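Visitor: For reference, the structure I am asking about is given below.
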Amino acid sequence: MKAKDPNHEAERVVLGAAMLDGRTVADIAALVDAGSFEVPRHGLIWEAIAAQHTAGDPTEPVAVAARLADEGTLAKAGGGPYLHDCVTAVVSADSGAYYARRIAEAARRREIKAVATRLGQYADLSGETVAAVLDRTRDALNTLAGPGEAWPAPVPLTEARALPAFPAACLPDWVGDMVEAVAEATQTPTDLAGSIALAALSTAAQGRLAVQAGPDWAEPCNLFTCTALPPGNRKSSVFAAMVRPILDAEATLAEEARPRIIEAVTEAEIARRAAEQALAAASKNPGDPDLANGAKSAAREADEVAVPVSPKLVADDITPEAAKTLLAEQGGRLAILSAEGGIFATIAGRYSGVPDLDAFLKGHAGDMLRVVRKSAPAEYVAAPALTLGLAVQPEVLRDAARMPGFEDRGLLARFLFTLPASKVGSRNPSPSPVPAAVKAEYARKLAGLVYAMHPRTEPVVLELTAEARAKVVALEREREPRLGPGGEWEPVLSWANKWTGAVVRLAGLLHLAKYPNTGAATPVEADTLDAATMLGYYFADHALGVWSYMGAGAETGPAAALLDWLARHGQSGMSVRDMHRALRGRRGLATADAIRDAAARLVDHGYLRERPQPRRKGGRPPSPRYDLHPDMAKADDLA
């Protein structure tokens, strides 16, 4: 017969002592929690005992069994007879604290074994440097509290993911060579230059490129990209290198358009003055129908003289209203390229006080956009094509996740995010510069795309080869199981729903870059779609990392927001009521129930610990109070 485990028997004694005499619960709770019990059902029973005690209710077996039955876990806990077996295992309730200390020590030993296993796994992480593995090892060892410390390091709310490097080999040679050369010259991750290169290709296409992905599915090829890197990562330098040919081409287009604009302005002025003279003559002779008709004709002719605007391909810090106006003026095409994240705050209403997402949501999808002007009739942009290429600090993403409409209206889901590891601290002080030939070819071909696409008023709609079309169908089939409950992409469901479309957009841009002269007349090949798919999986991995970092999920988001507030303003001893008063109106934490649920999640992860409540004989139980983990507490205990 198998011998009984002494630690498991000690757990039974502790539970029995707590049920035999509720006065022992507080002393036991100071030593163990539900996670300290190795036997799963013992943890369930302890949670019920502690909940009874906190509410001021009896902790004897019948009361605990009733609570477990109400929660639907009585059978998992072994049923009512098992609770009585635990009580009969106790000689004296006073021994509960003694055995609780044994349980706590056994739990610490299990934790040490788990950390040891984790250290072995870290050593096998071939994608990380030795220095990074050592950092992980130190962090893991720091979670092991010393003697007398009963509060281990919290479990992160979000999963830390090892994210892949940007696959520059998927890009056409002239783009990929520039990405790698700029990354080397600036000592930055290839993800930054790669993300900006894709935004530059999207800008060069100027909303005049689409892919016929299915019988009723034409996917526009403009992109929203965003790279998150901490300060000091030379984001502006990389932007300057990758975007300069676009700006030079814009200046050339503007200079070429200048004579036409001057001529049109002159014609408009002549027509306006002629209309004024005709109106004056008709006004002096109101009974002359010929003069009246002449004034009307002159007014119509003056109104029909169109003055072209100077070509503008790129804007930087711009308001939503200005973006709408520029989209209307520029034939529905515009790119916003910026090495700062201020555009997010602007969209959220930094200047107007009201979030305005229409230009960005419709500018990505190509849906009709209505532009209202104070001094002119409303104008409609039939198929706006907006490109966004941003490089921001990581904290900007967390702020964006909390901005009204960004998550629930799908703005964040439209971005191809990258969250690379910074190279600061390991940079080469004397890197190789970008080779002149690489820079020249990149500038020539990117500018060539701008010049080729700018005169077009209607988009080039690329067809797919039969093999490429079959691959798109296969991608849809492969994606679907990832979206279901428990699927790999369920945490980024809103983003992943647009994944196949993003792959098709990437394929269109890669095709145009691969065949800058003949691409408009040839179908997208299967190998180009394969390259776009590799980029799509890269962005999917980074989307999972970004959503995890932002804590934007329905469950994690409120807890992450509460944790962020507590880390800056929290004090040990705060109750849900205290938090509610301070956070009233905060998105995701507007009600006491929402705060209570978020606090419970933080308790589960070890950031908060609920204080044991004294037993009460009657009346409403007090609001529970929480202690903050020592690593995040910012003030002395209030109680």
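Visitor: Can you tell me which residue within segment 375-406, out of those that are of a type outside the set (S, T, N, Q), part of a loop (DSSP other than H, G, I, E, B) and more than 19 Å from Ala502 (Cβ to Cβ), is modelled with the lowest pLDDT?
Guide: So in segment 375-406, the residues of a type outside the set (S, T, N, Q) come out as 376-386, 388-392, 394-406.
Narrowing the set further to residues that are part of a loop (DSSP other than H, G, I, E, B) leaves 382-384, 402-406.
The next check asks that each one be more than 19 Å from Ala502 (Cβ to Cβ); those that pass are 382, 402-405.
On the way: Ala382: 88, Arg402: 77, Met403: 83, Pro404: 81, Gly405: 82.
Top of the filtered list is Arg402.
Visitor: Any residue in segment 27-37 that is among the aliphatic types (A, V, I, L, M), closer than 17 Å to Pro61 by Cβ and open to solvent by less than 50 Å² (accessible area, probe 1.4 Å)?
Guide: In the first step, residues of segment 27-37 are kept if they are among the aliphatic types (A, V, I, L, M); the result is 28-32, 34.
Those still in the list that are closer than 17 Å to Pro61 by Cβ too: 28.
Filter again for open to solvent by less than 50 Å² (accessible area, probe 1.4 Å), leaving 28.
Yes.
Visitor: Right, here's the next one. Which condition does Ala264 not pass, out of (1) in contact with a Leu (Cβ under 9 Å, 6 or more places away or on another chain); (2) more than 29 Å from His364 (Cα to Cα); (3) open to solvent by less than 20 Å² (accessible area, probe 1.4 Å), if it passes all the others?
Guide: Only one criterion in (1) in contact with a Leu (Cβ under 9 Å, 6 or more places away or on another chain); (2) more than 29 Å from His364 (Cα to Cα); (3) open to solvent by less than 20 Å² (accessible area, probe 1.4 Å) is unmet by Ala264, namely (1).
Visitor: Hey, does segment 439-457 have a residue that's farther than 30 Å from Arg244 by Cβ and either in contact with a strand residue (DSSP E or B) (Cβ under 9 Å, 6 or more places away or on another chain) or free of Cβ contacts under 8 Å to residues at least 12 places away in the same chain (or both)?
Guide: First, pick out the residues of segment 439-457 that are farther than 30 Å from Arg244 by Cβ: none.
There is no residue in segment 439-457 that is farther than 30 Å from Arg244 by Cβ and either in contact with a strand residue (DSSP E or B) (Cβ under 9 Å, 6 or more places away or on another chain) or free of Cβ contacts under 8 Å to residues at least 12 places away in the same chain (or both).
Visitor: Out of the residues in segment 287-311 that are outside any helix (DSSP H, G or I) and not acidic (Asp, Glu), which is surrounded by the fewest Cβ atoms within 10 Å (Cβ to Cβ)? Spell out the reasoning first.
Guide: In the first step, residues of segment 287-311 are kept if they are outside any helix (DSSP H, G or I); the result is 287-288, 305-311.
Next cut, not acidic (Asp, Glu) only: 287, 305-311.
Numbers: Gly287: 7, Val305: 15, Ala306: 9, Val307: 14, Pro308: 12, Val309: 14, Ser310: 13, Pro311: 21.
Out of the qualifying residues, it is Gly287.
Visitor: Here is a list of conditions, (1) of a type outside the set (S, T, N, Q); (2) surrounded by fewer than 16 Cβ atoms within 10 Å (Cβ to Cβ); (3) modelled with pLDDT under 85, and Arg577 meets all of them except one; can you say which number that is?
Guide: For Arg577, the failing item is (3).
Visitor: Which of the numbered conditions does Thr457 fail, given that it passes all the others? Conditions: (1) assigned to a helix (DSSP H, G or I); (2) more than 31 Å from the chain's Cα centre (by Cα); (3) loosely packed, with under 13 Cβ neighbours inside 10 Å.
Guide: Thr457 satisfies all of (1) assigned to a helix (DSSP H, G or I); (2) more than 31 Å from the chain's Cα centre (by Cα); (3) loosely packed, with under 13 Cβ neighbours inside 10 Å except (1).
Visitor: Does any residue in segment 265-278 that is over 15 Å from Lys296 (Cβ atoms) come within less than 7 Å, Cβ to Cβ, of a residue that is among the charged types (D, E, K, R) and modelled with pLDDT of 90 or more six or more places away or on a different chain, and which pairs are these?
Guide: none
Visitor: Now for a different question. Looking at (1) open to solvent by 80 Å² or more (accessible area, probe 1.4 Å); (2) out of contact with any Leu (no Cβ under 9 Å at 6 or more places or on another chain), can you tell me which one Ala275 breaks?
Guide: All conditions are met except number (1).
Visitor: Further question: Got a sec? Which of Ala169, Ala162 is under 17 Å from Ala532 (Cβ atoms) and open to solvent by 20 Å² or more (accessible area, probe 1.4 Å)? Walk me through it before giving the result.
Guide: Numbers: Ala162 fails: under 17 Å from Ala532 (Cβ atoms).
Only one candidate passes the filter, namely Ala169.
Visitor: Now for a separate question. Return the residues of segment 24-42 that are in contact (Cβ under 8 Å) with a residue 60 or more places away in the chain and assigned to a helix (DSSP H, G or I); say none if nothing qualifies.
Guide: Residues satisfying the conditions are Thr24, Val25, Ala26, Asp27, Ile28, Ala29, Gly35, Ser36.
Visitor: Would you confirm, using the coordinates I've provided, whether Arg409 is open to solvent by 10 Å² or more (accessible area, probe 1.4 Å), among the charged types (D, E, K, R) and either in a helix (DSSP H, G or I) or under 30 Å from Leu326 (Cα atoms) (or both)?
Guide: Values: open to solvent by 10 Å² or more (accessible area, probe 1.4 Å): yes; among the charged types (D, E, K, R): yes; either in a helix (DSSP H, G or I) or under 30 Å from Leu326 (Cα atoms) (or both): yes.
So Arg409 passes the test.
Visitor: Continuing with the same structure: For residues that are in a helix (DSSP H, G or I), surrounded by fewer than 21 Cβ atoms within 10 Å (Cβ to Cβ) and of a type outside the set (Asp, Glu), tally how many sit in segment 329-343.
Guide: The first filter runs over segment 329-343 and keeps only residues in a helix (DSSP H, G or I), leaving 329, 342-343.
Pick out the ones that are also surrounded by fewer than 21 Cβ atoms within 10 Å (Cβ to Cβ) and you get 329, 342.
Restricting the remaining residues to those that are of a type outside the set (Asp, Glu) gives 342.
Result for segment 329-343: 1.
Visitor: Considering only segment 164-172, I want to know if a residue exists there that is touching a helix residue (DSSP H, G or I) at 6+ places or on another chain (Cβ under 7 Å), free of Cβ contacts under 8 Å to residues at least 60 places away in the same chain and more than 19 Å from Phe360 (Cβ to Cβ). Quick ask: steps written out before the conclusion?
Guide: Restricting attention to segment 164-172, the residues satisfying the condition of being touching a helix residue (DSSP H, G or I) at 6+ places or on another chain (Cβ under 7 Å) are 164-172.
Still in the list and also free of Cβ contacts under 8 Å to residues at least 60 places away in the same chain: 168-169.
Of the ones still in play, those that are also more than 19 Å from Phe360 (Cβ to Cβ) are 168-169.
Checking segment 164-172: at least one residue is touching a helix residue (DSSP H, G or I) at 6+ places or on another chain (Cβ under 7 Å), free of Cβ contacts under 8 Å to residues at least 60 places away in the same chain and more than 19 Å from Phe360 (Cβ to Cβ).
Visitor: Take Lys423 and tell me if it is buried (at least 16 other Cβ atoms within 10 Å of the Cβ), under 18 Å from Gly508 (Cα atoms) and out of contact with any Lys or Arg (no Cβ under 6 Å at 6 or more places or on another chain).
Guide: Working: buried (at least 16 other Cβ atoms within 10 Å of the Cβ): yes; under 18 Å from Gly508 (Cα atoms): no; out of contact with any Lys or Arg (no Cβ under 6 Å at 6 or more places or on another chain): yes.
No, not satisfied.
Visitor: In addition: Out of the residues in segment 217-243 that are assigned to a strand (DSSP E or B) and either charged (D, E, K, R) or over 24 Å from Gly207 (Cβ atoms) (or both), which is most open to solvent (accessible area, probe 1.4 Å)?
Guide: Across segment 217-243, the extreme among qualifying residues is Glu219.
Visitor: Please give the number of the condition Gly366 fails out of (1) on the phi < 0 side of the Ramachandran plot; (2) touching a strand residue (DSSP E or B) at 6+ places or on another chain (Cβ under 6 Å).
Guide: In the conditions (1) on the phi < 0 side of the Ramachandran plot; (2) touching a strand residue (DSSP E or B) at 6+ places or on another chain (Cβ under 6 Å), Gly366 misses (1) alone.
Visitor: Turning to a different aspect of this structure: Kindly establish whether Pro259 is of a type outside the set (A, V, I, L, M, F, W, C), within 30 Å of Gly194 (Cα to Cα) and part of a helix (DSSP H, G or I). Give the steps one after another, and end with the answer.
Guide: On the way: of a type outside the set (A, V, I, L, M, F, W, C): yes; within 30 Å of Gly194 (Cα to Cα): no; part of a helix (DSSP H, G or I): yes.
Considered against the rule, which asks whether it is of a type outside the set (A, V, I, L, M, F, W, C), within 30 Å of Gly194 (Cα to Cα) and part of a helix (DSSP H, G or I), Pro259 comes out as no.
Visitor: Moving on. Answer with yes or no whether Asp177 is at pLDDT 85 or above, of a type in the set (Asp, Glu), open to solvent by 40 Å² or more (accessible area, probe 1.4 Å) and more than 35 Å from the chain's Cα centre (by Cα).
Guide: Values: at pLDDT 85 or above: yes; of a type in the set (Asp, Glu): yes; open to solvent by 40 Å² or more (accessible area, probe 1.4 Å): yes; more than 35 Å from the chain's Cα centre (by Cα): no.
No; evaluated as a whole, the condition is false for this residue.
The values are calculated or read from the model by the stated rules, or taken from the named source; none is laboratory data. This structure is a prediction, so every number in the text was calculated from the model and none was measured. FYI the Cβ positions are ideal-geometry reconstructions off the backbone, even for glycines, and counts take in every protein chain you see. All accessible areas refer to the heavy atoms of the entire protein, side chains included, with ligands and DNA or RNA removed. Shrake-Rupley method; radii C 1.70, N 1.55, O 1.52, S 1.80 Å.
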